[in-house]
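The values are calculated or read from the model by the stated rules, or taken from the named source; none is laboratory data. These figures come from a predicted structure and were not determined experimentally. We place every Cβ from the backbone using ideal geometry, glycine too, and count neighbours over all the protein chains shown. Heavy atoms of the whole protein, side chains included, go into the accessibility calculation; ligands, DNA and RNA do not. Shrake-Rupley method; radii C 1.70, N 1.55, O 1.52, S 1.80 Å.
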Amino acid sequence: MNDRRVGEATAAATAGAALAGTVGSFVGLTVPAAAIGGLNGWISGWRGVYDWTSAKGVGAFALDSTWALGTTATAVASHAVGAVRGEAGYSERLSRRHNRHVYARGFQPRRGFATTFGNVVNGAGDLGRPRRAKLVTDHEDVHVWQARAFGPVYPTVYLGWMIAAGVAGTALWAIKHRDQPWTKVIESYAYYLNPFEYWAYSRDDHWPPQGLVATIGPRRPMVRSFASFR
């Protein structure tokens, strides 16, 4: 078993470093890019995360090592932070051959909220509870694939929206939402109405979310939930 794990980790690290290094060479960052691709390949290969038998799994690896390399770098960093903090609570059941890493704890910038960095889901909580497992499969996994599909556009738009909507939300609070706490209004505009979050909450059949101020934003989901297809 260990021989197979070492073999897969070595192969994935080698391929990841080669792909990432090639991409990095276009902007003069061959070595750091190769290091990120190699580390992601080694960790993911050792844990058997990618489903090599499907086009989806191979595509996930290719995107993580090229177009989405920026968010893969944050994923590698979150592995490190989770390891330093200890007792990250890695879930093999929700990770192995699912093209993602899932931690019950790990790197949690905001207590009580799951946070996804590249292909790593942190703060999933008690995964023995069906709701928390569904949060991973139907919400956080959407973010994993958003990062892959949109590459460098994803963090730029996500963070840009939060900043711009935070400023706009403050002005709108002063004009029309003074009956609500300022923090809830800002959270509604900057977080819940972020198009990437609106999309993920809709897929999770969880729109409108409880934290969204009732007088802010649409009441209908952006897209059909995954549950509606099952």
Filter result for Asp179 (loosely packed, with under 13 Cβ neighbours inside 10 Å and not aliphatic (A, V, I, L, M)): yes
Per the filter on segment 75-111, residues surrounded by fewer than 18 Cβ atoms within 10 Å (Cβ to Cβ), farther than 21 Å from Ala133 by Cα and modelled with pLDDT of 95 or more are Ala77, Ala80
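To keep it simple, each residue is scored yes or no on (1) more than 14 Å from the chain's Cα centre (by Cα); (2) of a type in the set (A, V, I, L, M, F, W, C); (3) closer than 24 Å to Gly38 by Cα.
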| position | (1), (2), (3) |
| --- | --- |
| Thr72 | no, no, yes |
| Gln146 | no, no, yes |
| Phe150 | no, yes, yes |
| Thr170 | yes, no, no |
*asked:* Among the residues in segment 47-64, are any within 30 Å of Arg129 (Cα to Cα) and modelled with pLDDT under 95?
replied: no
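Per-residue answers, yes or no, for (1) under 14 Å from the mean Cα position of the chain (by Cα); (2) of a type in the set (A, V, I, L, M, F, W, C); (3) under 18 Å from Thr10 (Cα atoms):
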position	(1), (2), (3)
Ile36	no, yes, yes
Trp42	no, yes, yes
Phe61	no, yes, yes
Asp64	yes, no, yes
Val142	yes, yes, no
By my count, helices (runs of 4 or more DSSP H) wholly in segment 1-68 with at least 2 residues that are under 21 Å from Ala83 (Cα atoms) are 2-25, 30-47
Apart from one, (1) in a loop (DSSP other than H, G, I, E, B); (2) free of Cβ contacts under 8 Å to residues at least 24 places away in the same chain; (3) among the aromatic types (Phe, Trp, Tyr) all hold for Trp173; the odd one out is (1)
Here the qualifying pairs (Cβ atoms under 8 Å; residues six or more apart or on different chains; first in segment 190-207 and part of a helix (DSSP H, G or I); second among the charged types (D, E, K, R) and surrounded by 21 or more Cβ atoms within 10 Å (Cβ to Cβ)) come out as Tyr191/Glu197; Ala200/Glu140
For segment 74-89, state whether one or more residues are polar (S, T, N, Q), within 17 Å of Gly123 (Cα to Cα) and in a loop (DSSP other than H, G, I, E, B). no
Flag for Tyr158 being surrounded by 15 or more Cβ atoms within 10 Å (Cβ to Cβ), of a type outside the set (A, V, I, L, M), free of Cβ contacts under 8 Å to residues at least 40 places away in the same chain and in contact with a Leu (Cβ under 7 Å, 6 or more places away or on another chain)
no
Of the conditions (1) assigned to a loop (DSSP other than H, G, I, E, B); (2) open to solvent by less than 20 Å² (accessible area, probe 1.4 Å), the single one that Arg224 does not satisfy is (2)
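One line per residue, one yes/no per condition, for (1) acidic (Asp, Glu); (2) without any contact (Cβ under 8 Å) to a residue 60 or more places away in the chain; (3) farther than 23 Å from Tyr103 by Cβ:
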| residue | (1), (2), (3) |
| --- | --- |
| Ala12 | no, yes, no |
| Pro32 | no, yes, yes |
| Asp51 | yes, yes, no |
| Gly70 | no, no, no |
| Val76 | no, yes, no |
